[in-house]
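Right, one structure below, let's go through it.
Nothing in this text is a laboratory measurement; each read-out follows from the coordinates by a stated rule. Predicted model only: the values in this text are computed from it and were never measured. Note that each Cβ is placed from the backbone with ideal geometry, even for glycine, and that neighbours are counted across all protein chains shown.
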Amino acid sequence: MLCPQEATGIIRQMEATRRGFLRSASLTGLGAGTATAGALLAGQGQAAAAEGAVAGAAIAFHGEHQAGIATPAQTHLQFAALDLVSPSVADLRDLMRAWSRAAALMASGKAIGPVETGAKPGGDTGEALGLRPANLTMTFGFGPSLFGNGDRFGLAKRRPAPLVDLPAFRADALRPPISGGDLGVQVCADDPQVAFHAVHELIRLAAPAARPRWLLAGFGRTGNSRRQSMPRNLMGFFDGTANIKVEDTKVMNNSVWAAGPGSPAWIHGGSYLVARRIEIALGSWDKTAVTRQERTIGRHKASGALLGDVPLHAHILVSSPGANNGAKILRRGYSYTDGIDHASGAPATGLMFLCYQRDPRRQFIPIQHQLAARDSLNQFITHVGSAIFACPPGAQPGGYVGETLLG
Ligand code: HEM
């Protein structure tokens, strides 16, 4: 329980944050007012037209950074976490080689092996034959358990300090079978079948060295690019308005790419990914007055413009850099649905919250502590899954993702 002085201190701090927030939002054109609201909506059509033209394109798998981080978010997600069964670091190396080879082929729209193999199982399962690459990206990460668990692979000394075990946050309701994992694979594409084929092949290639721990399909991206229209989440609000935009190289360098003495050299040019599966209580949200929904988020529902008077506990205020020592994260999440929530009779839905950053100890963790303590959105959401991965830099042709650690 807070004493009255502490409570007054927090309220003062939040009010100062709110003043700073409103000032910076009006400078960046995200402020309240009909002109901004109109501009937000008007930009949608042009960006959507640009998107349609490139929906079938290919994104190079090789490069300085892994694709799928600074990539404008595609429309579909498949996220898999796997555990290694083999205790051999040579098997892990072979898996990363096989994954990188297959990923490079699939990203360019090619099969990973022959489909017509007669009496033998196919080299490629075939469901993406004839489909375009659809901006397919596959992004690989290493979980903390790869460096721990009795140091199975002799990697403990090379564990990056920012790859911490995430602390417990207030009101977490995490389920171990949909949390954690030695390896994480984020697959994104503008065609759900292309995304499924890629995750299907990557899981197949991993056997018998690794087996899948959890898998989740998503759709409806969080906006992260100026070249795309701003999408809405399943609560009906624009999601991504104040996100880092992947075109902002300076912010990407300062806030997203692992660099500097805090991270070992093997991960420079990579990033740290935090994944949280967050259930949304759509039944009670649907019964909530729109004015209260808007005060929960801090923005108008239809236009996305800031409320004239953002409440102290509004989601956008509590998560903003101004309330978190300037910390910014690149959000790259996706909505998901999962049948019916029989208690409310509403569809069971959620957000697969994915965010990339330079150091989760200074970014996701403090932000989430703030949110868990005072975000109005907490009445409608529950964190049920959690994972963290260190994503190495990109691979060059002939090389493989993870070579800087395992090579
Ligand atoms: C189901 C869960 C969540 C939903 C539905 C949600 C939704 C939203 C919406 C609608 C916005 C306003 C539009 C925008 O700027 O994107 C927003 C902003 C934001 N959210 Fe969330 N969010 C969720 C969870 C989280 C979590 C777990 C974090 C971080 C730990 C987070 C961090 C942020 C940040 C940093 C902003 C931008 C704040 C600003 O500077 O204006 N959100 N979110």
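Brief remarks on what is shown
- Number of positions in the range 312-353 that are in a loop (DSSP other than H, G, I, E, B) and surrounded by fewer than 19 Cβ atoms within 10 Å (Cβ to Cβ): 8
- Filtered by the rule that a residue be free of Cβ contacts under 8 Å to residues at least 40 places away in the same chain and touching a Pro at 6+ places or on another chain (Cβ under 8 Å), the range 120-158 gives 122, 123.
- Candidate set: the range 148-163, residues that are closer than 23 Å to residue 257 by Cβ and of a type in the set (A, V, I, L, M, F, W, C); chosen: the one farthest from the chain's Cα centre (by Cα): 155
- Scan the range 127-159 for residues that are among the hydrophobic types (A, V, I, L, M, F, W, C), surrounded by fewer than 18 Cβ atoms within 10 Å (Cβ to Cβ) and part of a loop (DSSP other than H, G, I, E, B) and the total you get is 3.
- Against the conditions (1) in a loop (DSSP other than H, G, I, E, B); (2) more than 17 Å from residue 200 (Cβ to Cβ); (3) of a type outside the set (Ser, Thr, Tyr), residue 83 satisfies every one except (1).
- The residue that is farthest from residue 249 (Cα to Cα), counting only those in the range 198-225 that are within 16 Å of the ligand (Cβ to nearest atom) and surrounded by fewer than 22 Cβ atoms within 10 Å (Cβ to Cβ), is 216.
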